[in-house]
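Written out below as structure tokens is the structure these notes cover.
The values are calculated or read from the model by the stated rules, or taken from the named source; none is laboratory data. Source: prediction; values computed, not measured. Positions of Cβ are backbone-derived with ideal geometry, glycine not excepted, and every protein chain shown enters the neighbour counts. When the accessible area is computed, the model is the full protein with side chains, heavy atoms only, and any ligands, DNA or RNA have been set aside. Shrake-Rupley method; radii C 1.70, N 1.55, O 1.52, S 1.80 Å.
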Amino acid sequence: MCSMEDMVPTRPSGRRPARRAAAPADPKRAQLDEYIVDPRDAVLTTNHGVPVNDDQNSLKAGERGPTLLEDFHLREKVTHFDHERIPERVVHARGAAAHGVFQVYESLARYTKASFLTDPGRETPVFVRFSTVAGSRGSTDLARDVRGFAVKFYTDEGNFDLVGNNMPVFFIQDAIKFPDLIHAVKPEPNNEIPQAASAHDTFWDFISLMPESMHMVMWLMSDRAIPRSYRMMEGFGVHTFRLVDGKGGSRFVKFHWKPLLGVHSVAWDEAQKISGVDPDFHRRDLWEAIEAGAFPEYELGLQIIEEKDEFAFGFDLLDPTKLIPEELAPVRRVGKLTLNRNPDNFFAETEQVAFHIGNVVPGIDFTNDPLLQGRLFSYTDTQLLRLGGPNFHEIPINRSTAPARNNQRDGFMRQAINPGRVSYGPNSLGDNQPAQATERAGGYVTFPEALQDSRKVRVRGASFFDHYSQARMFFQSQSEPERQHLIKALRFELGKVQAIEVRERMVAHLAQVDATLAARVAKGLGLPPPLKSEAPPNRSVPADGDPRDFQHRELADPSLTSTALTMTSHVPGPIATRKVAILVADEFDAKGVAMVLKALKAEGATGHLVGPRLGDVVADDGKASTAEFSIFTTKSVLFDAVFVAGGDGAGMWTTEADAIEFVKDAYKHCKAVAATGAGVDLLGAAHIPVGSPDDPDPADDATIVAPSASAAVARRLVAAMGEHRLWTREPELHLPL
Ligand code: HEM
């Protein structure tokens, strides 16, 4: 039985016994469990523990009289409600998170003294929040945008936050431009339009005046900006950090996350439709995968650069608009992150978590990347406002599992009760406690980097002015379909821009990146092919600066390409957790459907019956199956592939507009589409070109038709799904349809 005391938040002292059995191996879980409030078998109380007798009626002077101020329960309830909202994050407001663990494969003591990276026997609890950047809390998951990939490691030496994105570079080189960038991409300030979209004038106006953003623009216009799933995207720490070993030696490092399900995206048309059908698509996908036990996994990758090689790359390691091509510095996979538990409460955990790039542990240190340096200020500053004061580190999700002991005191919502009269150091009255830690005992010691220049200057290093080489490398490393998508994205985005001079300026930048790219975008915008060979001016110039000093300087090898930059290197890949819509009408081919379901299950994928209505659909063997969806309650954009089951009743689909749209979209989005028996007629009704069922070598391997379902059909469906999408279908698409 719960006592009423259990209905109010428990103290953070850790003295109260946990209500739920905590896995001893997960100290964070045990810590969070201390705060779980269990409503079972409890009576309703006020926040002060007084049992409530009537929660239906306010206290009134007579049956029809006015409400009395005396009603403490009404006042408390409404007041709490009135104050339930906190400011959303100024960026990355929309997010979803999960708990998990990280484990290193083998000791990295050669490179770092961070304990969580040196002990392969240790599981470090983590909390990971994925997010979009521009949209508000309620915006769609499928906006074309950068995705945040923020990881909080609760290590035994304190919290380490790796606050990265799903793209390895950033728009700007110096944090002083961050407010400008975000103002430009957010809805325009006069009318608050558009929500969660970069396709508008102010964003492209800003970008077109900032050549340093061109590399990131390539990523943003690529399919990386519309991931299939948070479980299928890479993560990057972006900046160059430092690893420091136990002897004080330092190396540069870039952090990567590599998803074990491969890196995959949706098509832009699909993204827009998903935004309407299920704006929570990514959030739901993450939640459901974890609930189903299909835990998302990512490997931590490190690119380690010796100090002596700091200037070996032709670009500056401190410039966050540059990546280190994997061909020049291989990514070593050193450990695994597994997300294995959904949060108990969205607000308490996902919303109140506060990441900060400045949360580092001994063995990890910063570099002088000017974007990184500015971030070191920004996160705590914004969280002071967002979370209402200086004690947000005490919120359960933010608490370190390593004990926090210091002389800091007071402030709004202080939870810790620090006893005694000593709140300063040095002190003699408290035995000089808490004591500082020697380096040997784990005290954090900043790497004593020698500074090359001791003047105070507001400048951008000359090595930061190669704006186009890596943009070109990215574009030229893409497969042809990926290039097509990028071009179409630019046509779409710039097509929404009203100011013609902004479009023209962007095309002129693109001409510096790649002539074909520029010409193809220009054509789509109805602009003449760019003739000018010089780059548009960089307007990010100080008042007394000479604009000539701010122009592009080609520093890197212009012919460089990198296979790591194309997503096609991830196919064929596993189809585990992929979802297949199986269209079943009455009298459907029971044996065929069973065969396909079995084949999917063997690969860890799932089949979902979509019927003409919800409820029972009777198969040709007389048995009823329950349709999980009706053709009116779902769309093919929510699935990875479609199978139209044969059977005497399948002909009914050909007159069903929603069914025609269902398969038409799946085909248009280059997904695997299979149909057997009378189910093939639906593909015909949707004008989907189908080869002969007997053709052993069809041009479009992802469109599978057969007179009846067989193991071979199921095998072909699985194989086609492994390709993720048949992007090469696109040039043939004249949208029949
Ligand atoms: C490499 C560049 C950057 C990356 C990878 C990055 C990444 C992120 C991520 C992942 C989040 C969301 C954290 C969460 O899920 O709660 C975030 C939030 C935020 N970022 Fe950045 N960011 C970058 C640059 C900057 C810069 C330059 C600034 C400011 C100068 C900045 C300021 C913020 C702020 C204010 C938040 C909201 C934090 C909160 O309210 O808790 N970011 N960033």
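Suppose we keep only residues that are aliphatic (A, V, I, L, M) and not in a loop (DSSP other than H, G, I, E, B) within the stretch 64-90. Which one would you say is surrounded by the fewest Cβ atoms within 10 Å (Cβ to Cβ)?
VAL78
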Which condition from (1) more than 23 Å from GLU482 (Cα to Cα); (2) in contact with a Lys or Arg (Cβ under 7 Å, 6 or more places away or on another chain); (3) surrounded by 20 or more Cβ atoms within 10 Å (Cβ to Cβ) is the one that HIS608 breaks? (3)
Cβ-Cβ below 9 Å, separation at least six or inter-chain, first residue in the stretch 250-271 and under 13 Å from GLY164 (Cβ atoms) and open to solvent by less than 10 Å² (accessible area, probe 1.4 Å), second assigned to a loop (DSSP other than H, G, I, E, B) and hydroxyl-bearing (Ser, Thr, Tyr): which pairs? VAL253/TYR111; VAL253/THR112; VAL253/THR240
Residue check for VAL104: within 10 Å of the ligand (Cβ to nearest atom), open to solvent by less than 60 Å² (accessible area, probe 1.4 Å) and closer than 19 Å to ARG242 by Cα: no
I'd like the full set of residues that are open to solvent by 10 Å² or more (accessible area, probe 1.4 Å) and of a type in the set (Ser, Thr, Tyr), limited to the stretch 117-138. THR118, SER136
Which of the residues belonging to the stretch 335-387 are aliphatic (A, V, I, L, M) and buried (at least 20 other Cβ atoms within 10 Å of the Cβ)? LEU337, LEU339, VAL353, ALA354, ILE357, VAL360, VAL361, ILE364, LEU371, LEU372, LEU387
Odd one out for PRO396, checked against (1) open to solvent by less than 10 Å² (accessible area, probe 1.4 Å); (2) more than 13 Å from the ligand (Cβ to nearest atom): (1)
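Quick grid of which residues meet (1) free of Cβ contacts under 8 Å to residues at least 60 places away in the same chain; (2) in a loop (DSSP other than H, G, I, E, B); (3) more than 9 Å from the ligand (Cβ to nearest atom):
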site: VAL353; (1), (2), (3): no, yes, no
site: ILE357; (1), (2), (3): no, yes, no
site: VAL360; (1), (2), (3): no, yes, yes
site: THR367; (1), (2), (3): no, yes, yes
site: LEU372; (1), (2), (3): no, no, no
site: SER378; (1), (2), (3): no, no, no
site: GLN383; (1), (2), (3): yes, no, no
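Conditions (1) farther than 22 Å from ALA354 by Cα; (2) in contact (Cβ under 8 Å) with a residue 40 or more places away in the chain; (3) crowded, with 22+ Cβ neighbours inside 10 Å, marked per residue:
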| position | (1), (2), (3) |
| --- | --- |
| THR155 | no, yes, yes |
| LEU162 | no, yes, yes |
| ALA175 | no, yes, no |
| VAL185 | yes, yes, yes |
| ASN190 | yes, no, no |
| LEU209 | yes, yes, no |
| MET216 | yes, yes, yes |
| SER222 | yes, yes, yes |
| GLU234 | no, yes, yes |
Counting just the residues of the stretch 118-171 that are touching a Ser or Thr at 6+ places or on another chain (Cβ under 8 Å) and β-branched (Val, Ile, Thr), which one comes out farthest from the ligand (Cβ to nearest atom)? THR118
A careful count of residues in the stretch 319-334 that are assigned to a loop (DSSP other than H, G, I, E, B) and open to solvent by 60 Å² or more (accessible area, probe 1.4 Å) gives 3
Could you pull out the residue among ALA93, ALA114, ALA61, ALA42 that is closer than 28 Å to PRO362 by Cβ and open to solvent by less than 70 Å² (accessible area, probe 1.4 Å)? ALA114
What is the one condition in (1) part of a helix (DSSP H, G or I); (2) touching a residue at least 12 places away in the same chain (Cβ under 8 Å); (3) open to solvent by 50 Å² or more (accessible area, probe 1.4 Å) that LYS308 does not satisfy? (2)
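Does HIS467 qualify as being open to solvent by 10 Å² or more (accessible area, probe 1.4 Å), of a type outside the set (Lys, Arg) and touching a residue at least 40 places away in the same chain (Cβ under 8 Å)?
no
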Could you tell me whether any residue of the stretch 63-85 is under 29 Å from the mean Cα position of the chain (by Cα) and either within 16 Å of the ligand (Cβ to nearest atom) or of a type in the set (A, V, I, L, M) (or both)? yes
